[in-house]
1. Would you mind calculating the relative contact order of the stretch 239-341 from Cα pairs under 8 angstrom and at least 6 residues apart, reporting the percent as a whole number?
2. Could you compute the FRET efficiency for residue 235 and residue 339, with r as their C-beta to C-beta distance and R0 at 22 Å, rounded to 0.05?
3. Roughly speaking, to the nearest percent, how much of the stretch 218-338's 1.4 Å accessible area is carbon and sulfur?
4. I'd like the distance between the alpha-carbon centres of the stretch 273-289 and the stretch 15-48, rounded to an integer number of Å.
5. What relative contact order, as a whole-number percentage, does the stretch 13-95 give when Cα pairs under 8 Å and 6 or more residues apart are counted?
6. Could you give the spread of the C-alpha atoms of the stretch 13-95 along their three principal axes, from largest to smallest, in whole angstroms?
7. How much net charge surrounds residue 334 when only other residues with a Cβ under 14 Å from its Cβ are counted (Lys, Arg +1; Asp, Glu -1)?
8. If I stretch the segment between residue 11 and residue 299 completely, what's the gain in nm (0.36 nm per residue apart, minus their alpha carbon distance), one decimal?
Amino acid sequence: MAVITIPLDLLDVEIIKLETNTDNDFIITVKNIKPTVCNKCKKKMTKIHGYGDTIFARHVPLFEQPVYIEIRPVRFQCQYCKDNRTQTEQLDWYNPRSRVTKKFEKYLMCMLINSTVIDVAKKVGTTEGLIYGAFERQVSEQVDWDEIYTLEILGIDEISIKKGHKDFVAVISSRVNGKTIVLAVLPDRKKQTVKKFLENIPERLKCTVTKVCTDMYDGYINAAQEIFGNKIPVVADRFHVARLYRKPLDTLRKKELKRLKLELSEEAYKELKGAMWALRKDPNVLDKDSTTTLSKLFSYSPILQLAYQFMLSLTDIFETDHNKMEASKEIKKWIKTVMESHLDC
Ligand SMILES: [Zn+2]
């Protein structure tokens, strides 16, 4: 049998058991290996007095399946203090209030980039309340820089939290070897706040930044240029460009579905349920149901199919590793084809 090493990404734990439940969720039983120190005499506690209630914490998914960390925290008794005091081990990676790991809360922030609270809750299978809670705990301009060795691609994005007064806030992330981690969720999205954050990045890390990716908001682009100068390229985030060119497709989809609702039988229209998701998904990972929905929709609306194909071919251009000249040539060619199609949306 092949052995797979799983990067659990949790400090101070050792895996005891890995199993799956009937929903194919991963249940990983762990034990804490960080020594517990007596709060009073500061000596290491080794005598086990008992166990606390089993903790079941949601963690970052593995292979797109939910993961839960199971642990029974040990209660130690001090052999040195006269009162034989007992103390339960601390789990630094766990948030007892939300019953999720801190990495999971960071993961939720990552998911919120280019998405909404409702969509993330649905996708991850959690509640909106939990996401708001995680968000409140993540908001901070403080970062433990000691844990970070390199930044490489720095992302400045916005996430929308439609609750209370904080409508939009900026999220700073770092992308290394294709893996994105959220560095900080800032209290607002003002240019000054972003600039102050960038200024406070330690010098040793500032010079590891190779590129700054941000949305089209001028404030962020200016803030990044003021801090990093002209040596580091500041590029408009492909996702934000994509959001702009996907919008007309969304508008056309709404218009066409409205028309079809009037023209089709109730039964036929019902079969188009989920069309919005199917259109937004990466076509390479579409499941069978979504593919069926799409082909039905396109048979009723050839114009939507055309717009969809144009959208995909533009995405292809962005995904391909072109040099500047090639890319600009490809885009011009794309514009010409779209113009000639007389598609209007
Ligand atoms: Zn003690």
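The values are calculated or read from the model by the stated rules, or taken from the named source; none is laboratory data. Given the structure is predicted, the values throughout are model-derived calculations rather than measurements. We place every Cβ from the backbone using ideal geometry, glycine too, and count neighbours over all the protein chains shown. These accessible areas exclude ligands, DNA and RNA; they are computed on the full protein's heavy atoms, side chains included. Shrake-Rupley method; radii C 1.70, N 1.55, O 1.52, S 1.80 Å.
1. On the way: 47 pairs, mean separation 27.3, N = 103.
Value for the stretch 239-341: 27 percent.
2. Working: r = 27 Å, r/R0 = 1.21.
So, using R0 = 22 Å, E works out to roughly 0.25.
3. Details: 4510 of 8040 Å².
The C+S portion of the solvent-accessible surface of the stretch 218-338 is 56 percent.
4. Centre-to-centre distance over Cα atoms comes out at 40 Å.
5. Details: 159 pairs, mean separation 22.4, N = 83.
Here the relative contact order equals 27 percent.
6. So the extents along the principal axes, rounded to whole Å, are 50, 18, 18.
7. Working: positive: 329, 332, 333, 336; negative: 316, 319, 326, 330, 340.
Residues close to residue 334 contribute a combined charge of -1.
8. Details: separation 288, 0.36 × 288 = 103.68 nm, distance 5.29 nm.
That works out to 98.4 nm of additional length.
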